[in-house]
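Here it is, the structure in full.
Throughout, read-outs are computed from the coordinates displayed, never taken from laboratory work. Just so we're clear, the structure is a prediction, and the values are computed from it rather than from any experiment. Counting neighbours? That spans all protein chains shown, and the Cβs are built from the backbone with ideal geometry, glycine included.
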Amino acid sequence: MIEHILAERQEQYGDATENFTKIGLMWSLILDKKIVIEPEQVAQMMIALKLVRLSANPEHEDSWLDIEGYAKHGLAIINPTDT
């Protein structure tokens, strides 16, 4: 199931590493460039966001699937040859 979702997102938004890099740059701009947010940190922060949402509704299946997807992307970012 997650592979289908990841393929769908790839088609909609492009390469995850490139997308996470752009998100990190945008977040860095919002923070007035005080820090650089790396793409693997974006994956971590998105997982944290989903965990907070799950604390409000632990039965929301989509959030669990999103966490799995962000974890897969985070691992692919730090170990690109393992995927």
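Can you tell me how many residues within segment 32-46 are over 21 Å from residue 63 (Cβ atoms), surrounded by fewer than 16 Cβ atoms within 10 Å (Cβ to Cβ) and touching a residue at least 12 places away in the same chain (Cβ under 8 Å)?
2
Tell me the helices (runs of 4 or more DSSP H) entirely within the chain that contain at least 3 residues that are among the hydrophobic types (A, V, I, L, M, F, W, C) and within 11 Å of the chain's Cα centre (by Cα).
16-30, 39-56, 61-78
Next up: Please go through segment 1-29 and pick out each residue that is hydrophobic (A, V, I, L, M, F, W, C) and more than 20 Å from residue 68 (Cβ to Cβ).
25, 26, 27, 29, listed by residue number.
Sticking with this structure for a sec: Could you run through segment 48-83 and say how many residues are touching a residue at least 24 places away in the same chain (Cβ under 8 Å), over 17 Å from residue 7 (Cα atoms) and surrounded by 18 or more Cβ atoms within 10 Å (Cβ to Cβ)?
Residues that pass the stated criteria total 0.
Within segment 49-83, track down each residue that is out of contact with any helix residue (DSSP H, G or I) (no Cβ under 8 Å at 6 or more places or on another chain) and under 18 Å from residue 18 (Cβ atoms).
Matches in segment 49-83: 79, 81.
Only one residue in 24, 14 is small (Gly, Ala, Ser) and out of contact with any helix residue (DSSP H, G or I) (no Cβ under 7 Å at 6 or more places or on another chain). Which one? It would help to see each step written out before you state the result.
Working: 24 fails: out of contact with any helix residue (DSSP H, G or I) (no Cβ under 7 Å at 6 or more places or on another chain).
From the options 24, 14, the qualifying one is 14.
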